[in-house]
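Scroll down for the structure; my scribbles are underneath it.
Bear in mind that the values in this text are calculations on the coordinates, not laboratory data. Only a predicted model underlies this, so the values are computations on that prediction, with no experimental measurement involved. Note that each Cβ is placed from the backbone with ideal geometry, even for glycine, and that neighbours are counted across all protein chains shown.
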């Protein structure tokens, strides 16, 4: 077990161009499940590959277990990585795949079988040991990749979008298994994903990345409820946070907090006249798309998310009083797009 | 509607036996006329006493085969063909694997290097080989000149590259390798670049060093494509006579005589069509075996 830390880590692929990773400083906690979340091209995979030792940083330091490992090869870093494509060795059986790291690291031969069976047992793939990867389903391949990663008991686990090749149904159960797996072994884990649901569900903390820059590090609750800037505010949450721009300030509120006025709890609330343009029926909830009728924001689409327990009747074309509790309002500086302190409402 | 109509039409065409046969016939004609007929003719001649310039033709049974098997030239040619094929293929596989792995990594001027490596394959065989004839010449050889200049040989006792039996065989093998390596390299380059980038990376993370990754992961994964390159190489080598014909013409003392060249010199230059045909038939079992393995490899490649 070990803590991973990066200090001002930067990777520039082409000189003169914007870096893929810029000045990233972060540290995991012991045994933590840390998620790198960001859209494609945000540098999350590059960051992970630098930690793994597959890319050389342009500048900055990587520390694992308190020691600078920049000059160390992947094998010396005692990390294990699961790739998006799993990267199983197609010509080897499952047993040989799991055994490969043991052979490569010259673990005494008489321990091989016992260790492979332990890893296979942990992921309940004991019956597949004689198969070749092409004879396995997507979920089974993922388990083999995990077993191969865990067999030599690494200090750190790196997972690069390991669920993205699974179909939606399998993904949910695989996610659950992964969480369980992490709880069992308790190894520090860094998990890369572009899927916010995965990030929120699995992460002890989430690192939100955009254009190679860390936008926010925090627990899922923190990044969702207290986004550090407008990027985090709109990237997390589906549908994203509503943002209203004023002269020097941006005011944001979540669609699920923007509700019919009489349903908003608390007496401190801000009310808008809301014209519904169309409705998406999603079963458990309804998503209303519309605009605020006050002259300023007619063209700005504002979204409201109503749970299925709420009254119906908010049909396309109708106009209603909708409101947000004051405590659900978030303020951002218009220029820097960073979080700002609450202030008197600009529309009053 | 247009799409639907054309679909129906094409389905109709595929089901029409006449059109199907018509479309297929050029391929059948080509195989029958240019491969089947000469092959049948070779078998026919091998059991006759056909000679160039003679209008007479008699059935002689296995007489041709009997006399060939007793000829020391033929035995030497079989042995040489095997040495020539196995020797050059071993060198080709090793060199082409190294080259393909080296050419995979990006570096400055890689395009130029790839082009230069391919050049021996695209250049006409005869011209290239004539160039080698000069390079290996007993008097004007640049190789000898360099060796003398380096004081490795005295100017009065230089190696006769094409004049001494073992050296001649080695020279012929080397020149053939020079010609075959590009082809094998291109095939293997396709094979090695088909390996997903993550797999060697995973091996690196798993703690395998360069050679461990190479011999345990990369080369085993390239094996099917290496098989293809070797099988093609065997065919191109076992049936090739250009290099030997131009460099040594089978000499000295039959030390580089190979089966195809012997068939050519006996049947065409020596006017003994029947014996030439019989010699060339000895190529068939080897080629049938190679063809069988080739089809199996192709089939396996499909399954994977």
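General remarks:
- Mean separation of Cα contacts under 8 Å (6+ apart) over length of the range A:1-90, as relative contact order %: 32 percent
- When the helices of chain B are scored as -39500 (n - 2.57) per DSSP H run of n ≥ 4 and the total is divided over every residue, the value at 222 nm lands at -22500 deg cm²/dmol.
- Cβ neighbours within 10 Å from other chains - mean over B:203-216: 6
- The translational diffusion coefficient of the range A:240-340, from Stokes-Einstein at 20 °C and 1.002 mPa s with a Kirkwood hydrodynamic radius over alpha carbon pairs, comes to 154 µm²/s.
- Helix A:168-185 and the longest principal axis of the Cα set of chain A meet at an angle near 60°.
- In whole percents, the pair-distance distribution calculated for the range B:232-276 from its alpha-carbon pairs, binned every 10 Å from zero, is 31, 50, 19, 0.
- The angle between the Cα long axis of helix A:112-122 and the main principal axis of chain A comes to about 20°, on a 0 to 90 degree scale.
- Chain B: relative contact order in percent, alpha carbon pairs under 8 Å with at least 6 residues between: 27 percent
- FRET efficiency for the residue B:34 to residue A:7 pair, using the beta carbon distance and R₀ = 56 Å, is estimated at 0.20.
- Evaluated at q = 0.20, 0.22 Å⁻¹, the base-10 log of the normalised Debye intensity for the range B:131-204, with identical point scatterers placed on the Cα atoms, takes the values -0.86, -0.97.
- Ranked A:226, B:272, B:157, A:248, criterion: other C-beta atoms within 10 Å, fewest first: B:157, A:248, A:226, B:272
- Packing, taken as the mean count of other beta carbons within 10 Å per residue, orders the peptides B:54-61, A:36-43 from highest to lowest as A:36-43, B:54-61.
- Relative packing of A:182-188, A:336-342, which averages over residues the other C-beta atoms within 10 Å, highest first: A:182-188, A:336-342
- Cα pair count fraction exceeding 12 Å, expressed as % - the range B:108-155: 70 percent
- Normalised contact order of chain A, rounded percent, pairs of Cα under 8 Å and 6 or more residues apart: 17 percent
- When B:23, B:169 are sorted by how many other C-beta atoms sit within 10 angstrom of their C-beta, beginning with the fewest, the order is B:23, B:169.
- Per residue, the Cα convex hull of chain A amounts to 165 Å³.
- Two numbers describe the Cα atoms of the protein assembly as shown: Rg and Dmax, which are 36.7, 120 Å.
- Estimated FRET transfer efficiency when R0 is 25 angstrom, pair residue B:249-residue B:156 (beta carbons, to 0.05): 0.40
- Average other protein chain Cβ within 10 Å of Cβ, residues A:144-150: 1
- Protection proxy ranking for A:313-320, B:178-185, using the average of other Cβ atoms within 10 Å per residue and placing the highest first: B:178-185, A:313-320.
- Residue B:23/residue B:62 FRET efficiency (R0 45 Å; Cβ-Cβ; nearest 0.05): 0.60
- Helix A:138-150 axis, angle to chain A major axis (alpha carbon atoms, nearest 10°): 60 degrees
- Taking B:176, A:91 and counting other C-beta atoms within 10 Å, the order from fewest to most: A:91, B:176
- Annotation: Cα Rg of the range A:75-211 relative to the compact-globule expectation 2.2 N^0.38 Å equals 1.03.
- Per residue of A:80-93, other chain Cβ atoms within 10 Å of the residue Cβ number 5 on average.
- Two-decimal log10 I(q)/I(0) for the range B:15-159, as the Debye equation yields it once each C-alpha is a single scatterer, q = 0.10, 0.12, 0.18 Å⁻¹: -0.83, -1.03, -1.19
- Gained length - residue B:82 relative to residue B:211, 0.36 nm times residue gap less alpha-carbon distance: 43.3 nm
- An ellipsoid equivalent to chain B, defined through the eigenvalues of its Cα gyration tensor, has semi-axes of 38, 36, 18 Å when rounded to whole angstrom and sorted largest first.
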